[in-house]
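Below: the structure, in structure tokens.
Just so you know, all these numbers are worked out from the coordinates, no wet-lab data involved. Given the structure is predicted, the values throughout are model-derived calculations rather than measurements. Glycine also receives a Cβ, built like all others from the backbone with ideal geometry; neighbour counts cover every protein chain displayed.
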Amino acid sequence: MKKAQETTMAVLIIALAIAIILISAWGIYSKILKTKTDIEACRLSVLGKSHTKPGGKSPLELRCGRVYVRFFNDKVISTINGRESKVKVPIKGVKKEKFDELTDDIVFHVFAEELRNCWYKMGGGDYLPFDQQVMTSNSVCLVCSIIDFEKELKEQEISYEGFETYLNDTLIPGTSRDPGYEVTYADYLSRQIYEAQRVKPFIFKRVAVGEESALEKADEIVSNTTYYVVYQSLNPTLIEWNFIDDFRTMFGGTEKDEIYGAIWAIDASDIGLLDCDLLYN
């Protein structure tokens, strides 16, 4: 009888251990699932709004909340729709939530991923999710992410240099498993057909041009700065959007694969230099 009780107790302990492991694993998986759901919900709302615009206006709203990302000395925290989670970053080939030191590669990885997610969920520049006017083109901006650093890092004013090289050389996670289909961040975020989109290294800073200010490409991320990852929709007029290809082909030309968006990583205080007619969120 005693042996049977011990066996039963052992089974119960094993079952309890398995249950704890499964619950912990589900907690981690559910966070990942919710993050992916937010990205896909935004992308679906972009597609839906782009295809329901009689007269240039859609009754639908975009479901694209801002992502708040903060760097710490030993972790990165991401918050969206009130849900906070630790960001897994590659450390010597292994994804980890904690690390000993905030390095260039960790900072670059997080920035590159935020740029990639923004470009993906907004449709890669192929759609027009914002309202259009009949005769006047306009520019609409949407802030995908706000990225900053904790107080201690801000006070140190650390410069992380070499972002362009990182974008050019680093494969997007997962794509290297398919030989022949490796894609770098720079390739994904650029479109050869639209040269203006090739704005590498995608980090911009304010510079003085006479008495005015302008944006200039930079190759560093500085810890005392708060950055916006911004999608800018370059809205053509309704006439251009609906008829330009018809006119072009009518007179012997070919259809042009238009791109209607651009992506930026910019000092939050400089967003006015993008000349956005409307900030959607």
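Tell me which residues come under 5 Å, amide H to amide H, from ILE91 once H is placed; ignore anything under 5 positions away on its chain.
LYS96
In sequence order, what are the phi-derived ³J(HN,Hα) couplings for segment 38-45 according to the Karplus relation 6.51 cos²θ - 1.76 cosθ + 1.60 with θ = phi - 60°, rounded to whole Hz, with x for glycine and proline?
Values, residue by residue: 4, 5, 5, 5, 5, 4, 5, 5 Hz.
If packing is taken as the average number of other Cβ atoms within 10 Å across a peptide's residues, how do 124-132, 48-56, 70-78 rank, most packed first?
The packing order, highest mean first, is 124-132, 70-78, 48-56.
Which percent of Cα pairs goes in each bin when the distances of segment 36-143 are cut into 5 angstrom slices starting at zero?
2, 11, 18, 19, 14, 12, 9, 7, 4, 3, 1, 0
Tell me, what HN-Hα J-couplings in whole Hz come from the Karplus equation 6.51 cos²θ - 1.76 cosθ + 1.60 at θ = phi - 60° for each residue of segment 156-170, using x for Gly and Pro?
7, 6, 7, 9, 9, 9, x, 5, 4, 4, 4, 5, 6, 9, 9
Rounded to two decimals, what ratio of Rg to Rh does segment 91-153 give with C-alpha atoms and a Kirkwood Rh?
Using Cα coordinates only, the ratio equals 1.15.
Using amide H atoms built 1.01 Å from N in the peptide plane, name the residues 5+ places from SER145, or on other chains, whose amide H lies under 5 Å from its own.
Residues meeting the criterion, in which the H sits 1.01 Å from N, are VAL67, VAL229.
Can you work out the FRET efficiency for the pair ASN168 and GLU61, with r the C-beta to C-beta distance and R0 = 51 Å, to the nearest 0.05?
Efficiency, rounded to the nearest 0.05: 0.90.
For the cross-link pairs LYS95/LYS154; LYS36/LYS95; LYS75/LYS121, which exceed 23 Å when the distance is taken from alpha carbon to alpha carbon?
LYS95/LYS154; LYS75/LYS121
What full-extension length gain, to one decimal in nm, is calculated for THR52 and GLU97 as 0.36 nm per residue of separation minus the Cα-Cα distance?
Full-extension gain reported as 12.1 nm.
Give me a comma-separated list of calculated 3J(HN,Hα) values for segment 224-229, in order, Karplus coefficients 6.51, -1.76, 1.60 applied at θ = phi - 60°, integers in Hz, x for any Gly or Pro.
Along segment 224-229, the couplings run 8, 10, 9, 10, 9, 9 Hz.
Can you give the FRET efficiency for GLU182 and ASP126, using 1/(1 + (r/R0)^6), R0 = 35 Å, r = Cβ-Cβ distance, to the nearest 0.05?
It comes to 0.95.
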